[in-house]
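Note sheet for the following structure.
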Amino acid sequence: LRTMAPRDECFFYHSSGKPSRTGIVGVVKIVRGARPDLTALDPDGDYFDPKSTEDKCRWDSVSVVFEREYRVILTLKELKAVSKEDPNGVIAGMDLLRRPRLSVMKVTEEQWMAVETLIERKAVMLG
């Protein structure tokens with residue numbers, strides 16, 4: 001998160017809700033790089049972190065804008081299936097599949113293109 005810079009594109013991944021609605025749903029663009037997340041300092045807030053201080057906040061946030069929504073959702077289950085079919089492939093190397101508790105992770109250009117290809121194929125298949 002701290003290395004994200006304005007104009008970087010990111011996949012938007014829904015991670016809560018119905019399993020059929022969990023997955024990569026679109027693309028956002030970074031418009032402001034990482035800054036301390038001040039919600040961590042609010043003792044009455046849901047995201048309060050007593051170990052954070054104004055001088056040393058342990059949490060960061062970035063600002064994003066909507067770029068595009070995919071016509072279909074590429075689910076984690078589908079990504080895992082592709083990874084299983086080709087354990088040495090581009091998708092199998094994604095941090096999302098190796099360390100699934102990460103909320104922000106780097107995606108290589110090759111991985112980005114592979115994900116976009118999977119999404120397009122799924123959209124064509126579903127009509």
Practice task
Filter the range 57-90 down to residues that are small (G, A, S) and either in a strand (DSSP E or B) or open to solvent by less than 30 Å² (accessible area, probe 1.4 Å) (or both) and give me whichever is modelled with the lowest pLDDT.
Solution key: S61
Exercise for the section: Considering (1) under 23 Å from L97 (Cα atoms); (2) open to solvent by less than 80 Å² (accessible area, probe 1.4 Å); (3) out of contact with any Cys (no Cβ under 6 Å at 6 or more places or on another chain), say which one V28 fails and leave the rest. Expected result: (3)
Exercise for the section: Would you mind stating whether T53 is in a helix (DSSP H, G or I) and open to solvent by 40 Å² or more (accessible area, probe 1.4 Å)? Expected result: no
Problem - Matching residues, the range 103-119, being modelled with pLDDT of 95 or more and hydroxyl-bearing (S, T, Y) - result: T108, T117
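Identify all residues within the range 9-25 that are in contact with a strand residue (DSSP E or B) (Cβ under 7 Å, 6 or more places away or on another chain) and open to solvent by 60 Å² or more (accessible area, probe 1.4 Å); write none if there are none.
Result: E9, F12, Y13, H14, R21.
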Practice task
List the number of the failed condition for L1; all other conditions in (1) open to solvent by less than 80 Å² (accessible area, probe 1.4 Å); (2) without any contact (Cβ under 8 Å) to a residue 12 or more places away in the chain; (3) not acidic (D, E) hold.
Solution key: (2)
Practice task
Output the number of the condition that W112 fails; it satisfies all remaining conditions of (1) farther than 13 Å from F11 by Cβ; (2) open to solvent by 30 Å² or more (accessible area, probe 1.4 Å).
Solution key: (1)
Exercise for the section: Please indicate, with yes or no, whether at least one residue in the range 91-101 is closer than 21 Å to K18 by Cα, open to solvent by less than 70 Å² (accessible area, probe 1.4 Å) and modelled with pLDDT under 95. Expected result: yes
Practice task
Please state which of the following conditions V124 fails to meet, knowing it meets all the rest: (1) of a type outside the set (S, T, N, Q); (2) in contact with a helix residue (DSSP H, G or I) (Cβ under 7 Å, 6 or more places away or on another chain); (3) over 19 Å from T3 (Cα atoms).
Solution key: (2)
Practice task
Could you tell me which residue of the range 29-82 is farthest from the chain's Cα centre (by Cα), considering only residues that are acidic (D, E) and under 26 Å from E9 (Cβ atoms)?
Solution key: D37
Exercise for the section: Keeping to the range 1-50, report how many residues are assigned to a loop (DSSP other than H, G, I, E, B), farther than 21 Å from T75 by Cα and among the β-branched types (V, I, T). Expected result: 1
Practice task
Give the residue that is nearest to T3 (Cα to Cα), with candidates limited to residues of the range 35-50 that are of a type in the set (A, V, I, L, M, F, W, C) and crowded, with 16+ Cβ neighbours inside 10 Å.
Solution key: A40
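The values are calculated or read from the model by the stated rules, or taken from the named source; none is laboratory data. The shown structure was predicted, so the numbers you read here are calculated from the model rather than taken from an experiment. Don't worry about glycine lacking a Cβ; one is built from the backbone with ideal geometry, like all the others, and counts go over all protein chains shown. Just the protein is used for accessible areas: all its heavy atoms, side chains included, with ligands, DNA and RNA removed. Shrake-Rupley method; radii C 1.70, N 1.55, O 1.52, S 1.80 Å.
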